[in-house]
1. Using θ = phi - 60° and the Karplus relation 6.51 cos²θ - 1.76 cosθ + 1.60, list the HN-Hα couplings for region 18-27 in order, rounded to whole Hz, with x at every Gly or Pro.
2. Using only the alpha carbon atoms of region 140-186, find the Kirkwood hydrodynamic radius as the inverse mean reciprocal pair distance, in angstroms to one decimal.
3. In deg cm²/dmol and to the nearest 500, what is the mean residue ellipticity at 222 nm of the chain if only DSSP H runs of at least 4 residues count, each as -39500 (n - 2.57), divided by the residue total?
4. Run the quick spin-label model on C340 and H264: label points 7 Å from Cα toward the beta carbon, then report their separation in nm to one decimal.
5. How far, in degrees from 0 to 90, does helix 315-324 lean away from the longest principal axis of the Cα atoms of the chain, to the nearest 10?
6. Among 79-92, 293-306, what's the highest-first ranking by average C-beta atoms within 10 angstrom per residue?
7. Show the residues, 5+ positions off or on another chain, whose built amide H is closer than 5 Å to the amide H of V118.
8. In straight Cα distance, which aspartates and glutamates are under 16 Å from K165, not counting same-chain residues fewer than 8 positions off?
Amino acid sequence: MGQYQQEWKNLAIFGAEPAFANPLYVGRPNIGNKQSLFARIEDMLSRRWLSNGGPFVQELEHRIEQLLGVQHCIVTCNGTMALQIAARVLGLEGEVIVPSFTFVATAHALEWIGLTPVFCDVDPLTHQINPDEVERVLSPRTSGIVGVHLWGRTCDVESLEQIAKHHSLELMFDAAHAFNCSRNGQMIGNFGKLEVLSFHATKFFNTFEGGAIVTNDAAIAEKARLMRDFGFLATDTVVSVGTNGKMTEVAAAMGLTGLESLNHIVETNRHNYKEYRNALVNLPGISILPFDEAEQNNFHYVIIEIEEEVFGLSRDQLLQILNAEKVMVRRYFYPGCHRCEPYCSSSKYKGLLMPVTESLSDRVLALPNGTALVHGDVEKICNIIKMISKNSQQIKQNLIKTKAQVSGV
Ligand code: T4K
């Protein structure tokens with residue numbers, strides 16, 4: 001399979017058989033040891049304790065606190081709910097600044113609870129929230145900033161801390177991509193007032209659906225625990241408004257099982273990322289987003305940028321060609337939150353331009369990674385991309401011809 005060679009005429013987009021029999025997905029879940037999971041589920045069923053702060057949830061919170069060196073972990077039913085609870089715990093009101101180049105949940109979580117997400121642009125090299133842009137969109141109505149550690153690379157925490165301090169703003173982080181990552185040797189989870197994690201099925205580490213708020217502030221942790229459970233302090237004692245953000249025992253069982261395989265997942269991701277990097281690094285018109293290897297990384301998101309003029313094909317053409325080969329690359333996070341509903345149709349956001357976000361969301365592709373890939377898959381994907389690069393002009397002309405034939409022009 002490693003020797004896989006393909007002629008451009010034999011691309012599936014021109015009618016040949018796809019290179020892969022089964023689709024290779026970005027976000028294919030990493031599954032730990034099944035026997036270990038089944039044993040935990042057996043325990044859970046025997047004790048008939050399925051939710052509401054059961055032993056697996058407590059153990060998972062403890063394990064995550066240890067792993068991240070953080071004092072409090074409050075696990076939730078998903079990352080979006082954790083963001084909503086977090087924003088309420090911090091008492092955010094009015095406007096909250098978020099990068100536009102992120103998964104739409106970062107903005108929706110705020111909008112959902114009646115806040116106004118104010119979008120700012122990102123840095124073209126790192127893709128992270130740009131502190132200068134944060135300052136540019138500040139207003140008297142701003143109450144907080146949600147930094148995002150996009151792709152598990154970390155954002156400029158120190159500059160955001162300075163801005164937050166200077167303007168008396170709350171600062172929290174959407175660390176949905178950054179579980180088990182560090183910044184300057186400090187684990188993500190320890191920055192801002194709190195950080196939010198996602199343990200969705202497609203993430204590096206999953207609990208089917210799940211998330212967490214992590215913080216070193218005991219008062220914040222206490223409020224978050226109450227809000228996660230309808231505001232119940234004890235049986236029959238409701239002391240605050242709350243919601244149902246609880247994680248189930250079966251989700252926590254999946255998490256505890258996943259933690260046992262964490263090193264294996266990181267090593268697999270690192271190996272795949274390096275293979276992609278070595279194969280694609282010198283391809284004209286393709287650049288691969290680096291990881292800072294002095295830090296701890298999960299190596300989950302392998303991100304490439306396509307410069308159409310140099311590569312010879314657009315990002316969307318490359319996506320179509322690879323998808324036809326059953327390599328299900330994704331154009332995360334197209335088209336940028338400010339160009340999604342309800343924001344793009346709202347008068348509040350009229351005329352909003354985010355040049356870097358718009359350019360990146362037209363250039364970026366996420367490649368498959370994780371333990372679902374088998375030996376040889378990455379090499380085969382890279383060989384296809386190399387062949388496309390070498391023959392981009394003929395492929396482009398034939399794509400145009402094929403399109404013309406299909407539309408009968
Ligand atoms: N903040 C950020 C920065 C985030 O990225 C996210 C979530 C959140 C906040 C919110 O956290 P959660 O509330 O989700 O915990 C996926 C995930 O649904 C989403 O969790 C994630 N970010 C986002 C980056 O990716 P989609 O729309 O790409 O999902 P979908 O269904 O297209 O799945 C992606 C691929 O994964 C599919 O092509 C197939 C594969 N897949 C998926 C599932 C669920 C599988 O192979 N097996 C599976 O079980 O959003």
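The numbers here are math on the coordinates, done by the rules we state, and not lab data. Just so you know, these numbers come straight off a predicted model, no measurement behind them. Cβ coordinates were reconstructed from backbone atoms using ideal geometry, including for glycine residues, and neighbour counts include every protein chain displayed.
1. Each residue's phi maps through the Karplus curve to give x, 5, 10, 6, 10, x, 9, 9, 7, x Hz.
2. On the way: mean 1/r = 0.0885 Å⁻¹.
Every distinct Cα pair counted, the radius reaches 11.3 Å.
3. Values: 14 runs with 159 residues, N = 409.
After summing the helix terms and dividing by the residues of the chain, the value is -12000 deg cm²/dmol.
4. Each label point is offset 7 Å from its Cα along the Cβ direction, giving 3.3 nm.
5. With both axes taken from Cα atoms, the answer is about 80 degrees.
6. Details: 79-92: 24.4, 293-306: 20.1.
Final packing ranking: 79-92, 293-306.
7. V96, I97, V98
8. Within the straight-line limit of under 16 Å, K165 reaches these aspartates and glutamates: D132, E135, D156.
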